[in-house]
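Visitor: Below is one structure. I have some questions about it.
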Amino acid sequence: MKKLTVLISELTRKIWEMEDFLRRSPEFYDLSITQMYYLEAICLNNEPTLTYLANILQLTKSTVTIQVEKLVEKGYIKKVRSEKDRRSSALQLSKKGNNINKMHHKIHEQLAGALQKSLTDTELKIFIEILNKFLQKELVRKFK
C-alpha cells in the first residue's frame, strides 16, 4: 500500500507540474487550476445551467456562482438566457475560454501519449480497464 501511495503522489505531482507550467504562460496569467477545470466541465457538458454545473462538480450553487461570475468578468465564459425559461441561463465558453480549454486539453493528450508510449498494447488495455473501474467507485466520486 505504501508503494501505491507514493506512486499516486508522484503522478499527482507530475500532473500538477504540467498544468502549472501551462498556467504560467501569458494566456493563463489570470486563471487558477480550479477555474481551468470549470471551463473543462462547461465544455464537456454542452452548455450546462449553473445548477447542472454545481451538481456535476458536487459543489453548492453559491460556490459555483462565485467562480462563474469571475470567469464571465474575465471573458472566458458567457451566460445565454434560455428562450423557454427566461430565469435560466446556459453557460458557454467564449472564444477566449475555448482557446484556453483546448490548450488545457493538450496537456491531458500529452499525458495520455506518454502513457501509451511507455506501455505495451496489452498493458494499456489493462491500465484503461483498471482506471475505468477505479473511476466508477463511489469513493472517487466523493472527492470531486
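Visitor: Can you confirm whether S94 is crowded, with 16+ Cβ neighbours inside 10 Å and free of Cβ contacts under 8 Å to residues at least 24 places away in the same chain?
Guide: So S94 passes the test.
Visitor: Just for the stretch 35-48: of the residues that are closer than 21 Å to R81 by Cβ and of a type in the set (S, T, N, Q), which one is surrounded by the fewest Cβ atoms within 10 Å (Cβ to Cβ)?
Guide: In this case the residue turns out to be N46.
Visitor: Does the stretch 104-113 hold any residues that are modelled with pLDDT under 90 and over 21 Å from P26 (Cα atoms), and which are they?
Guide: L111
Visitor: Filter the stretch 26-57 for residues that are polar (S, T, N, Q) and free of Cβ contacts under 8 Å to residues at least 24 places away in the same chain; which is farthest from I107 (Cα to Cα)?
Guide: Here the answer is T51.
Visitor: Given the residues K70, K79, which is the only one that is surrounded by 12 or more Cβ atoms within 10 Å (Cβ to Cβ), among the charged types (D, E, K, R) and modelled with pLDDT of 95 or more?
Guide: K70
Visitor: Using beta carbons and a limit of 7 Å, which pairs, at least six apart or on different chains, have the first residue in the stretch 58-72 and farther than 15 Å from L31 by Cα and the second one modelled with pLDDT under 95 and not in a helix (DSSP H, G or I)?
Guide: Within 7 Å, the pairs are Q58/K144.
Visitor: Next question, about the same structure. Filter the stretch 84-98 down to the residues that are at pLDDT below 90 and among the charged types (D, E, K, R) and list them by number.
Guide: K84, D85, R86, R87, listed by residue number.
Visitor: Is it the case that some residue within the stretch 127-137 is in a helix (DSSP H, G or I), more than 20 Å from the chain's Cα centre (by Cα) and of a type outside the set (D, E, K, R)?
Guide: Checked against the condition, which is being in a helix (DSSP H, G or I), more than 20 Å from the chain's Cα centre (by Cα) and of a type outside the set (D, E, K, R), the stretch 127-137 yields at least one hit.
Visitor: Given (1) at pLDDT 95 or above; (2) touching a strand residue (DSSP E or B) at 6+ places or on another chain (Cβ under 9 Å), where does N101 come up short, assuming only one miss?
Guide: With respect to (1) at pLDDT 95 or above; (2) touching a strand residue (DSSP E or B) at 6+ places or on another chain (Cβ under 9 Å), N101 is out only on (1).
Let's see how each residue does on (1) of a type in the set (F, W, Y); (2) surrounded by fewer than 13 Cβ atoms within 10 Å (Cβ to Cβ); (3) at pLDDT 90 or above:
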| residue | (1), (2), (3) |
| --- | --- |
| M1 | no, yes, no |
| E17 | no, yes, no |
| L22 | no, no, no |
| P26 | no, yes, no |
| I33 | no, no, no |
| L50 | no, no, yes |
| N55 | no, no, yes |
| T60 | no, yes, yes |
| T65 | no, no, yes |
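Visitor: Please return the ranges of helices (runs of 4 or more DSSP H) entirely within the stretch 1-117 where 1 or more residues are over 24 Å from I130 (Cα atoms) and of a type in the set (V, I, T).
Guide: 33-44, 50-57, 61-73
The values are calculated or read from the model by the stated rules, or taken from the named source; none is laboratory data. The shown structure was predicted, so the numbers you read here are calculated from the model rather than taken from an experiment. Reconstructed Cβ throughout: ideal geometry from the backbone, glycine too, with neighbour counts over all protein chains shown.
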